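Colleague: First the structure, then my questions, so here it is.
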Number of protein chains: 2
Amino acid sequence: MAGASAAMMGTETMKARVTVTLKSGILDPQGKAIEGALRSLGLRGVVSVRQGKVFDIEIEDADRAAAEAVLKSAAEKLLANTVIENYRVEVTG
Amino acid sequence: MAGASAAMMGTETMKARVTVTLKSGILDPQGKAIEGALRSLGLRGVVSVRQGKVFDIEIEDADRAAAEAVLKSAAEKLLANTVIENYRVEVTG
């Protein structure tokens, strides 16, 4: 509904997802714990688990390029620790 | 390398991603905090942020259907709290 009224006013609400994952080579004790827990639960075949974070973000008053720039900035400044984490920005519409 | 030797032995290692997000209507104080922090950092236009989790999982000795069954079971039993969270399983290859 907010999206519809924004569209009528000539602005747009965009949905996006930022996914933050540990770089390969960085230890992931949380993932290891989940791996062990799945084994204890009797699930066979799980070789490795790595946990990451996902952020579903809504942005208004933006075209696709502007939204991507804002999200990249958000990821660099706050959402990801770029020393040990990778991030990926997807604008979904 | 594990993938290569598994392939030689006639088995397969599959990669999959399980994404766990809060159901709509469930409060997300962590997301709200991130929203506020982005505003403090001077980022304009962010309407809402909701945080979720992502699990990158490797499974061996499985075809696609078997892998999906294992992952669904893992999500139901451990990765997601299905009272307040949705999950999505994607086998990526």
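The values are calculated or read from the model by the stated rules, or taken from the named source; none is laboratory data. Remember, it's a predicted structure, so these values are computed and weren't measured experimentally. A quick note on method: Cβ atoms are made from the backbone with ideal geometry, for glycine too, and the neighbour counts reach across all protein chains shown. What goes into the accessible areas is simple: the full protein's heavy atoms, side chains included, and nothing from ligands, DNA or RNA. Shrake-Rupley method; radii C 1.70, N 1.55, O 1.52, S 1.80 Å.
Colleague: Considering only region B:51-71, how many residues are open to solvent by 70 Å² or more (accessible area, probe 1.4 Å) and facing another protein chain (nearest Cβ under 7 Å)?
Modeller: Summing the residues that are open to solvent by 70 Å² or more (accessible area, probe 1.4 Å) and facing another protein chain (nearest Cβ under 7 Å) in region B:51-71 gives 2.
Colleague: Looking only at region B:72-93, filter to residues that are polar (S, T, N, Q) and touching a residue at least 12 places away in the same chain (Cβ under 8 Å); which one of those is most open to solvent (accessible area, probe 1.4 Å)?
Modeller: Just the residues of region B:72-93 that are polar (S, T, N, Q), to begin with: B:73, B:81-82, B:86, B:92.
Now drop any that are not touching a residue at least 12 places away in the same chain (Cβ under 8 Å), which leaves B:86, B:92.
Numbers: B:Asn86: 74, B:Thr92: 100 Å².
The qualifying residue most open to solvent (accessible area, probe 1.4 Å) is B:Thr92.
Colleague: Let me ask something additional. What is the one condition in (1) among the hydroxyl-bearing types (Ser, Thr, Tyr); (2) in contact (Cβ under 8 Å) with a residue 60 or more places away in the chain; (3) open to solvent by 80 Å² or more (accessible area, probe 1.4 Å) that B:Ser40 does not satisfy?
Modeller: Failed condition: (2).
Colleague: To continue, here is another question. If you check B:Ala74 against the conditions, is it facing chain A (nearest Cβ under 10 Å) and in contact with a helix residue (DSSP H, G or I) (Cβ under 6 Å, 6 or more places away or on another chain)?
Modeller: Working: facing chain A (nearest Cβ under 10 Å): yes; in contact with a helix residue (DSSP H, G or I) (Cβ under 6 Å, 6 or more places away or on another chain): yes.
Criteria met by B:Ala74.
Colleague: Got a number for residues in region A:23-41 being facing chain B (nearest Cβ under 9 Å) and under 16 Å from B:Glu58 (Cα atoms)? Show your work before the answer.
Modeller: Of the residues in region A:23-41, the ones facing chain B (nearest Cβ under 9 Å) are A:31, A:34-35, A:37-38, A:41.
Of the ones still in play, those that are also under 16 Å from B:Glu58 (Cα atoms) are A:31, A:34-35, A:37-38.
The total comes to 5.
Colleague: I'm checking my understanding of the structure. Among residues of region A:77-93 that are under 14 Å from the mean Cα position of the chain (by Cα) and hydrophobic (A, V, I, L, M, F, W, C), which one is nearest to the other protein chains (Cβ to nearest Cβ)?
Modeller: Only one residue fits best here, namely A:Leu78.
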